[in-house]
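The values are calculated or read from the model by the stated rules, or taken from the named source; none is laboratory data. Every value quoted in this text rests on a predicted model; they were computed, and no experiment measured them. All Cβ positions, even for glycine, are placed from backbone atoms using ideal geometry, and neighbour counts span all protein chains on display. Heads up: the accessible areas ignore ligands, DNA and RNA and are worked out on the full protein's heavy atoms, side chains in. Shrake-Rupley method; radii C 1.70, N 1.55, O 1.52, S 1.80 Å.
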Amino acid sequence: MKSMTVVVVGGGVVGFSTAVCIAEALPYCSVTLIADRFTPDTTSDVAAGILICSPFPDIPLEQQQRWFKETIDHLLAIAQSEQASEAGVLLSSGWQIYKELPADKVPFWSAFVLGFRIMTDRELKRFPDHKFGQAFTTVKCECSNYLRWMEKRFRKAGGQVVKQKVNDLQELSSQGYDVIVNCSGLGAKSLVGDSEVYPVRGQILKVQAPWLQHFIRDGEGQSYIYPGMHSVTVGGTRQVDDWRLEVDPEDSQDILERCSSLEPSLSRARVLGVSVGLRPSRKNVRVEREMVLLGSRQVPVVHNYGHGGWGVTLSWGTALEALGLVRKCLHEMRPRARL
């Protein structure tokens, strides 16, 4: 008989990563994941899923490095296993290029990707508008595959999945959960009244260009070309406070023009589809716990949301952090239990 109950709200890459971490590490816990949307209808499904990151301003860099390292190590292990194809995880090599010299020539995550180095002048010749670049191998995660694989892994660990929209944490009070884990992304704006959460609209195209083997990313993060398992993702847009989920044909045209200037052969690629997602952005990702009054009971809530465009990149690291906070909550409830 499982003695403690935990609910995770959110069915994206952060929600499933957190649910898997808890279910596998705490076998005495009954873990339920509740969400109103699952793959292929989550923000994570639109994500390019390439592991790179910009730093959050007010979180210690060591902590962000740990999150990045834990995530890429987790995904590298999958990429090197027989599960790689089913999980949608692959190695991806390429270039990040800059029109102006960046303030940080060596990003905080450079030690954790493979073979990081500064591009040579000869390599930069193919990008005449750019002055500086970085070459490295990282991991790409095809989220539509990965989320299905993670759900399977979660169920194997005894987890339960419920399709339900949660508008307010109070709705969960009657279930008597011992701990609530909030991985609701942009939904946290209404779910827990967080006014610091805002959308950054991203539009991407999937194109058929099997001849492309290397990623190209403009250092500003506005234009990128990411070859994947079945297609090439080209993007994108970063439209702050834009809630539109409809495809904008002008954005599509602009994306194709920008990316074709980096890789001219893209002008011959066939467009397979266009998608829009809203990045759940926040000045700083929120990974912390608080006590919330639900009905007549004080219930610990662990928050893990606000990753912006870095949800895949930091998913396993922040999930492990959230697991540590769940352990503390349960330990304080049952100080004599062997947690």
Check K283 against each of (1) over 30 Å from L26 (Cβ atoms); (2) outside any loop (DSSP other than H, G, I, E, B); (3) open to solvent by 30 Å² or more (accessible area, probe 1.4 Å) and name the one condition it does not meet. (2)
Give me a count of the residues in region 87-119 that are farther than 18 Å from P227 by Cβ, in contact with a Gly (Cβ under 9 Å, 6 or more places away or on another chain) and not aromatic (F, W, Y). 5
Is there any pair linking a residue in region 235-263 that is at pLDDT 95 or above and loosely packed, with under 13 Cβ neighbours inside 10 Å to one that is not aliphatic (A, V, I, L, M) and not in a helix (DSSP H, G or I), with Cβ under 6 Å and at least six apart or on different chains, and which? D241/Y198; W243/P199
Here the residues within region 265-305 that are of a type in the set (G, A, S) and within 26 Å of R238 (Cβ to Cβ) are S265, S267, A269, G273, S275, G277, S281
May I ask you to say which residue of S252, S275, S260 is among the small types (G, A, S) and not in a helix (DSSP H, G or I)? S275
Can you tell me which residue within region 293-323, out of those that are among the small types (G, A, S) and more than 12 Å from the chain's Cα centre (by Cα), is most open to solvent (accessible area, probe 1.4 Å)? S296
Listed by range, helices (runs of 4 or more DSSP H) wholly within region 32-127 having at least 2 residues that are touching a residue at least 24 places away in the same chain (Cβ under 8 Å), open to solvent by 40 Å² or more (accessible area, probe 1.4 Å) and not acidic (D, E) are 61-79
